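See structure below.
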Amino acid sequence: MKKLVSLLLALCLLCAVMGSAMAGTLLDNGRYDKLVVAIDTDPQDLEGDDTNLGSRYFWIYGVYESLFDFADDSSGKLMPAMAKEYEEVDGGKSWKVTLNNDIYDWDGNNITSSDVKYCFEWIINRGQAMRFDFFDSIEPIDDYTFYIHWKDVPPAIAELEFPLARTLIWSEKAYNDHNGMTQDACGTGCYKITSFVPGSKLVMEANDEYWGLNHPELSKRHTATVQTLEMDVVAEASTAVIGLEQGNLDVCSYVPLSMLDEFQNGAQSANYTVEIVTQGDYYLMAPNAQTINEDLRKAIFYAVDNGVLCQAMGGSFSPATTIGTEAFSDYDESLEMTGTFITDYDLAKAKEYVASSGYDGREIVLISNNSEVTSKACQMIQVMLLQAGINSKISLVTPDVYNTITSPQHSDEWDVMVQQLGGPNMVGSWHLIFDNEVNNGITFSLIDDPELQELYEAAVADATHDAEHMRAVLDHDVEHAYIYPIAKISTGLVYTKDIAEMFYREGYYTPGAATFVGQ
């Protein structure tokens, strides 16, 4: 009898161990039951701003909606979302936009043109309206049609990425009823937030009353293929790897390349799929063109070794060789930049430029958001600059504060920014750094250069958007040392074998819309 009991206990233990690594199940409604995803950055709050933070891509577009999507094939074409169509009027200086009339949030509020106007003004007033330089105003016509007035005729759809596809819309009434949506969101998306513990996890459930279920023309990102989607905050990649090994996590997108062998060839290869993903986002250094002269910019750039810098940032980064990555649809090999300060670290030349710049020994301010990656980058840059005789101090701030401090009104509070950028395509990602319409005549890093503006406008315009015109912008950048690309992001995306195909939105994986085995 004792042997039988021992055998039964052993079998139960074996089943429990196997169960932790066994596949999930498909429910009667066709959805996968639960997916646990590691994210490396705390969402902090649930409000619909900060859409430029990569860690928010995984969930925020399942909670809130934008007017349009970019096509899933990275063609740069607009697809309907909350707005079903638009018509150019006044020679293209205004758009007449028509909303779907059946959009309801989780409280049952119908989304109308006045809500669109409210949300646009809300994000502008919060200082989060990035890349809104062409945007002028929203003018409601009736409940479901409105004008978007542009300051000038936009030369390309890529110039309108943020107002059209990154500005999220919700109900003004719901926002007031919920006293803001910092901890208690009310969205319109295919997932509903059911639990949020800042610094720990975010849990969402598929929304069975989602308005988009009646609109098959929408992008697949509007499809909830998982019943319960849990985002666990796991800052350290090594901790996330342990979570995968123990079966506590189903997906992680930031596994260092050096840790992938176990999932590719080792004991975990039967449980997980591995993709090596080079993202469209990249990191760069941009000196304040108002406080750092050209020779000092060149001194800073020659003093920095982006190969060493990538090692300090972590195992997910490789040195950039152009301002962008091969992940972009408009990337071309001719855009790779060799024989410049980007690829040729030269401390002796850095010291020569320090001497010719008239640098007086003051501490220059390195500013960035307070993420772990940018903190490590700034610390290493500080060490490298000191070797060239340049003193510096680091200012790490929240994303909201960062956007405020880097405005022209605060130009004397920073000298070099370290930033992550991305966009719908490579030239679209250059908007902040090369377009002087960003700050009423100067770029995000406060460059005032009419020739640069002319070159950028030619590169971004649909009629002349080609490698030749893009290369002209890059060559001008090198000549005047405006931007130094640091790193591109190459990581291991590791996910459960239950996922048959991962879905990507603008280069970011979107696990809540993945296709699962059997679906």
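What follows draws every value from the coordinates through simple rules; no lab data is involved. None of the values given here were measured: they were computed from a predicted structure. Please note: Cβ atoms are built from the backbone with ideal geometry, for glycine as well, and neighbour counts cover all protein chains shown.
Tabulated data for the structure shown
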| quantity | calculated |
| --- | --- |
| Using θ = phi - 60° and Karplus 6.51 cos²θ - 1.76 cosθ + 1.60, couplings along segment 325-333 (whole Hz; Gly, Pro as x) | 9, 5, 6, 6, 5, 9, 5, 9, 4 |
| Pairs of alpha carbons in segment 143-268 whose separation is greater than 25 Å (percent) | 50 percent |
| Under Karplus coefficients 6.51, -1.76 and 1.60, residue-wise ³J(HN,Hα) of segment 339-346 in Hz, glycine/proline x | x, 10, 4, 5, 10, 10, 4, 8 |
| Likely footprinting exposure, HIS215, HIS469, HIS222, fewest C-beta neighbours within 10 Å first | HIS215, HIS469, HIS222 |
| Extension gain (nm, one decimal) between ASN110 and THR515, 0.36 nm per residue minus Cα-Cα | 142.8 nm |
| Percent antiparallel among DSSP beta bridges (both partners in segment 279-490, rounded to 5) | 60 percent |
| Positive dipole terminus of the chain, leading residue within HIS149, SER94, ILE483 (C-beta point charges) | ILE483 |
| Cα-based shape type of segment 279-490, given that a ≥ b ≥ c are square roots of the gyration tensor eigenvalues and the cut on a/c is 1.5 | rounded |
| For segment 161-168, 3J(HN,Hα) per residue [Karplus equation, 6.51 cos²θ - 1.76 cosθ + 1.60, θ = phi - 60°, Hz, x = Gly/Pro] | 3, 6, x, 8, 10, 10, 7, 8 |
| Estimated dipole of the chain in Debye, rounded to 20 [Cβ of Lys and Arg +1, of Asp and Glu -1, Cα centre] | 1960 debye |
| Nonlocal amide H pairs with SER395, under 5 Å, H built at 1.01 Å | LEU366, ILE367, SER368 |
| Computed lengthening from ASN29 to ASP400, 0.36 nm per intervening residue step minus Cα-Cα distance | 129.5 nm |
| Extension reserve of the LYS497-ALA71 stretch, reckoned as 0.36 nm per residue once the Cα distance is removed | 150.7 nm |
| 13 Å beta-carbon shell around ASN214, net charge (K/R +1, D/E -1) | -3 |
| Restraint check, LYS93/LYS173; LYS34/LYS488; LYS151/LYS488; LYS298/LYS393, Cα-Cα greater than 26 Å | LYS93/LYS173; LYS34/LYS488; LYS151/LYS488 |
| Residue-averaged 222 nm ellipticity for the chain, from DSSP H runs of 4+ at -39500 (n - 2.57), nearest 500 | -8000 deg cm²/dmol |
